[in-house]
Structures are given as C-alpha cells and as structure tokens.
Amino acid sequence: MTAAGPGPSAGLVHGMGKELVEPDWAPLTGDEVSAVLASYAVPASYAVPASHAVPGTGTVVAWSSPRPMSAAGLARRGAGTVFVKRHHVRVRSPAQLAAEHAFATHLRGRGLPVPAVCRTPAGRTTVRDGDFVYEVHEVAAGIDLYRDAMSWTPYLSAGHARAAGAALARLHQAAAGFRRPARPWGVLTGSCEVITAADPLTEVAAIARRRPGLGRYLAGRDWRGDLTRHHLPAIRRAAPLLGTLERRWGHGDWHPSNLTWDRPGPDAHVAAVFDFGLANRTFAVHDLAVALERSTIAWLDLAGSGRADVDLGAMDALLDGYQAVRPLEPAEAAALPEVLPVVHLEYALSEVEYFADVVASPGLADLAYGTYLIGHTRWFTGPDGAAVLGHLRRRGS
C-alpha cells in the first residue's frame with residue numbers, strides 16, 4: 001500500500017495454497033479509477049514526491065494488489081497517489097465498509113499511524129457503481145516490505161515480530177474508546193459469535209438460516225459432527241475465560257502484509273497499519289490469537305504434508321513486544337491458548353460461503369471447510385499443536 005512499481009507476477013493473485021492463480025475479480029483500470037476519484041475530495045496533501053509523478057492528467061494504476069478477494073491497487077494521477085479498492089456488493093456493502101472506516105478513523109484520531117480514508121464532498125467514504133463498491137485511502141507511510149507475502153507466511157525476523165506485537169498492543173489501547181456495536185455476520189468477516197454462544201451448534205444453524213449460500217453448503221456436510229469432535233472441546237475451555245473479559249474492537253487480520261515499516265532490515269519498526277477489512281468487536285486476546293495464527297504457524301504446508309511447522313521464536317517475540325506495551329491480564333493470558341485453536345472458526349465459515357456461493361468455486365469451498373475450518377483446529381490436538389498450547393499455557397501461568 002506504499003508507492004512502488006509493479007510486481008513480478010502482474011495479473012496473478014494469491015491462491016489458497018502457495019501458487020499464484022488467476023483472479024476472481026478483474027483488476028482495476030485507469031479509466032475506472034479516474035471515474036471513481038471524480039466522486040472524492042482527495043486532499044492535495046496526498047501528493048507523492050515528484051520522482052513518483054506520472055506525466056499528464058490521466059489516472060494510472062501503478063500497482064495491483066495480489067490479494068485475491070477484491071481488486072485493489074495504487075492509482076497515480078499527476079503528482080498524487082491513492083490506494084483504491086473495489087468490492088463486489090455481495091462481499092462488502094457500503095454500510096459494512098462504513099464500520100471499518102469509522103474504526104480506522106477513530107484509531108487515527110488516537111494517534112495510531114493509520115492511512116486517512118478519503119471522503120466524497122457529501123462526507124461518504126464509499127462510492128457505489130452497480131454491483132461494486134469502492135473505497136479510497138491515503139497511501140500508507142513507510143516501506144511495504146511484505147507487499148507480496150501471502151497470509152500465514154512468517155515475519156522476516158524476530159525483530160519484526162516484536163515490533164508488530166508492540167504495534168498491536170498500541171492499537172488495542174487506542175481501540176478502548178470505540179463503542180460501535182459488532183459488525184453483523186457477512187461474507188469474509190471475522191467475529192466471535194459462535195465461540196461465545198451458549199450453544200455454538202445452534203448459533204451456526206442460525207447463521208446458516210440467515211445466509212442461504214452457507215446453509216446450502218453445510219447441508220451437504222456433517223458439520224454438527226465435525227464441530228462437536230474438533231471445535232466444541234476448545235470452545236468449552238475458551239468461552240468461560242472470554243466471558244470475563246471486556247469486548248473491544250480489533251484489527252482482525254494482523255499479518256505483516258498489513259503493516260508498513262520505517263526502514264529495511266531486521267530491526268525495523270512499524271510505520272503504519274492498514275486493511276481493516278476483518279475488524280470487529282471481539283476481545284483483545286482474540287485479536288492477539290489471530291496475530292499468532294496468521295504468522296507463526298506454517299498452515300500452507302498442512303494440506304500437502306499434514307504438518308505445519310511452528311516458529312516459537314517469532315511467537316515469543318510477538319508476545320514479548322505486545323506485553324511490553326500492554327501486559328496481559330491473568331484472565332487474558334489464560335484465555336489465549338484456549339481461544340487459539342478456534343479463533344479462525346467464524347472467518348473460515350464466512351470464507352466457505354464466499355467460495356461456495358459468491359464465486360461458485362466448490363473445490364475451494366471444500367478446501368476452506370476441510371483444511372482451514374476443520375484442519376487447523378484438528379492440528380492443535382496433535383503433538384505439534386499440543387506443544388504450542390503447552391508453551392502458551394506455561395507463559396501465561
């Protein structure tokens with residue numbers, strides 16, 4: 001999300017594994033972005049140095065994001081550069097994006113380095129054109145060292161993990177005053193609705209009734225049996241601990257690719273935080289568990305080998321950085337290892353809906369269900385996963 005040239009694999013995007021794939025959504029075009037930007041009051045302060053300027057008055061998409069579930073990129077017009085993102089309305093509505101933008105704006109107002117959200121002259125943060133919704137942001141400060149990194153890939157150094165942990169703690173401190181209710185369930189959203197429900201299976205059934213695409217997919221699966229075997233034991237350990245904690249908004253997708261850095265090198269600090277697409281009102285420790293789940297376990301190896309290596313050094317570094325800024329309460333430290341095996345549950349279900357119903361990719365829906373929803377939780381019952389949980393329990397004791 002920082003100004004830079006095109007990547008080496010133009011046109012391809014991240015897939016569910018390690019290979020780049022054809023995108024579900026067509027990339028942004030200069031004419032398209034030019035029409036979108038005409039609706040926004042983009043401040044002149046968003047201009048970039050003259051060395052990045054593009055001659056002429058036309059809009060150029062200088063870089064296209066490889067992230068797969070929307071179309072996004074850096075758009076240059078004259079001396080100015082902004083980040084533009086297009087969503088299908090079935091993935092993000094204007095109201096859903098307004099909640100993300102309100103949280104990002106709150107954090108920015110509390111001093112967190114979050115890129116400003118652009119607004120129309122009427123004060124709206126989104127523009128809709130047919131089935132698509134657009135958002136525009138200031139370019140993030142700093143260097144985008146992880147611009148091409150896939151989800152679930154690691155930090156480049158323990159120093160980066162430590163800095164990311166400290167930045168997440170500062171985000172949680174800044175989020176404390178944001179009182180907006182939780183975002184409702186939707187495609188590609190995170191929450192803690194199921195893992196905090198009095199009856200998790202009944203809650204999933206209720207969600208499936210509200211989300212017919214998800215319901216149709218689950219009708220062909222023994223989801224009750226799968227969740228009972230793999231998820232309910234962890235939920236029963238986590239739920240009583242979470243029930244004692246204050247709910248607050250979190251980032252929801254804390255991965256190094258959603259951070260920029262003040263310099264290259266292993267001791268860089270976080271320069272900016274962006275991409276609040278999975279932000280929601282959960283718990284600080286839930287968001288911290290997401291941060292561990294996203295970057296310290298090699299999940300992309302699980303489907304092929306049945307194994308997922310763990311970077312305990314990065315895990316400890318991230319937690320050390322976090323606790324140097326915001327020490328965990330005893331109840332939070334106790335909850336962290338219990339929520340980690342199921343922290344992905346709600347997002348995984350929403351991803352199943354995306355693949356099964358929005359983009360009609362049944363093979364990827366099966367992968368999201370079997371390898372992600374079920375496989376990640378099941379992994380924690382094996383020796384490697386049990387060792388991780390034991391390590392976190394010892395840290396928290």
Unmet requirement for Met150, which otherwise passes all of (1) in contact with a strand residue (DSSP E or B) (Cβ under 7 Å, 6 or more places away or on another chain); (2) modelled with pLDDT of 95 or more; (3) outside any helix (DSSP H, G or I): (2)
Filter result (assigned to a strand (DSSP E or B) and farther than 15 Å from Asp275 by Cβ) within region 131-147: Phe132, Val133, Tyr134, Ile143
Qualifying helices (runs of 4 or more DSSP H) (wholly inside region 316-397; at least 3 residues being over 19 Å from the mean Cα position of the chain (by Cα)): 330-339, 362-367, 375-379, 383-396
Residue selected from region 192-202 under the condition touching a helix residue (DSSP H, G or I) at 6+ places or on another chain (Cβ under 7 Å), assigned to a loop (DSSP other than H, G, I, E, B) and open to solvent by 10 Å² or more (accessible area, probe 1.4 Å), by the criterion farthest from Ala238 (Cα to Cα): Glu193
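Listed here are the residues, each with its yes/no results for (1) of a type in the set (D, E, K, R); (2) closer than 21 Å to Gly80 by Cβ; (3) in contact with a Lys or Arg (Cβ under 9 Å, 6 or more places away or on another chain).
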| position | (1), (2), (3) |
| --- | --- |
| Gly111 | no, no, yes |
| Val117 | no, yes, yes |
| Thr120 | no, yes, no |
| Thr126 | no, yes, yes |
| Phe132 | no, no, yes |
| Val139 | no, yes, no |
| Asp144 | yes, yes, no |
| Asp148 | yes, no, no |
Qualifying residues in region 153-181 (those that are touching a helix residue (DSSP H, G or I) at 6+ places or on another chain (Cβ under 8 Å) and not in a helix (DSSP H, G or I)) - the one farthest from Ala317 (Cα to Cα): Arg180
Test result for Pro337, free of Cβ contacts under 8 Å to residues at least 60 places away in the same chain and surrounded by 23 or more Cβ atoms within 10 Å (Cβ to Cβ): yes
Count of residues meeting criterion [small (Gly, Ala, Ser) and touching a residue at least 24 places away in the same chain (Cβ under 8 Å)] in region 198-245: 5
Residue that is under 30 Å from Asp267 (Cα atoms) and surrounded by fewer than 19 Cβ atoms within 10 Å (Cβ to Cβ), where the choices are Ala205, Ala176, Ala167: Ala176
Residue list for region 90-101, restricted to those being part of a helix (DSSP H, G or I) and polar (S, T, N, Q): Gln96
Residue satisfying condition, being of a type in the set (Lys, Arg) and open to solvent by 30 Å² or more (accessible area, probe 1.4 Å), within set Arg294, Arg236: Arg236
Flag if Ala104 is out of contact with any Ser or Thr (no Cβ under 7 Å at 6 or more places or on another chain), assigned to a helix (DSSP H, G or I) and touching a residue at least 60 places away in the same chain (Cβ under 8 Å): yes
Yes/no for Arg110 being in contact (Cβ under 8 Å) with a residue 12 or more places away in the chain, buried (at least 20 other Cβ atoms within 10 Å of the Cβ) and in contact with a Gly (Cβ under 8 Å, 6 or more places away or on another chain): no
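Listed here are the residues, each with its yes/no results for (1) part of a strand (DSSP E or B); (2) under 14 Å from Val343 (Cα atoms); (3) basic (Lys, Arg); (4) over 20 Å from the mean Cα position of the chain (by Cα).
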position: Ala239; (1), (2), (3), (4): no, yes, no, yes
position: Trp249; (1), (2), (3), (4): yes, no, no, no
position: Gly265; (1), (2), (3), (4): no, no, no, yes
position: Ala272; (1), (2), (3), (4): yes, no, no, no
position: Phe276; (1), (2), (3), (4): no, no, no, no
position: Arg281; (1), (2), (3), (4): yes, yes, yes, no
position: Val290; (1), (2), (3), (4): no, yes, no, no
position: Arg294; (1), (2), (3), (4): no, yes, yes, no
position: Arg307; (1), (2), (3), (4): no, no, yes, yes
Test for Arg221: is it assigned to a loop (DSSP other than H, G, I, E, B) and either within 25 Å of Leu112 (Cβ to Cβ) or in contact with a Lys or Arg (Cβ under 8 Å, 6 or more places away or on another chain) (or both): no
Neighbours by Cβ (under 6 Å, 6+ apart or cross-chain): first from region 131-155, in contact (Cβ under 8 Å) with a residue 60 or more places away in the chain; second in a loop (DSSP other than H, G, I, E, B) and among the charged types (D, E, K, R): Gly142/Asp262; Pro154/Asp311
Residues satisfying the stated conditions in region 60-79, i.e. assigned to a strand (DSSP E or B) and either at pLDDT 85 or above or open to solvent by 20 Å² or more (accessible area, probe 1.4 Å) (or both): Val60, Val61, Ala62, Ser64, Ala71, Ala72, Gly73, Leu74, Ala75, Arg76, Arg77
Only listed residue being of a type in the set (Val, Ile, Thr) and either open to solvent by 10 Å² or more (accessible area, probe 1.4 Å) or within 19 Å of Ser191 (Cβ to Cβ) (or both), chosen from Val358, Val388: Val358
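The values are calculated or read from the model by the stated rules, or taken from the named source; none is laboratory data. Worth saying up front: this structure is predicted, and the values here are computed from it rather than measured. When we count neighbours, we look across all protein chains shown, and the Cβ atoms used for this are built from the backbone with ideal geometry, even at glycine. Quick note on the areas: whole protein, heavy atoms, side chains included, nothing else; ligands and nucleic acids left out. Shrake-Rupley method; radii C 1.70, N 1.55, O 1.52, S 1.80 Å.
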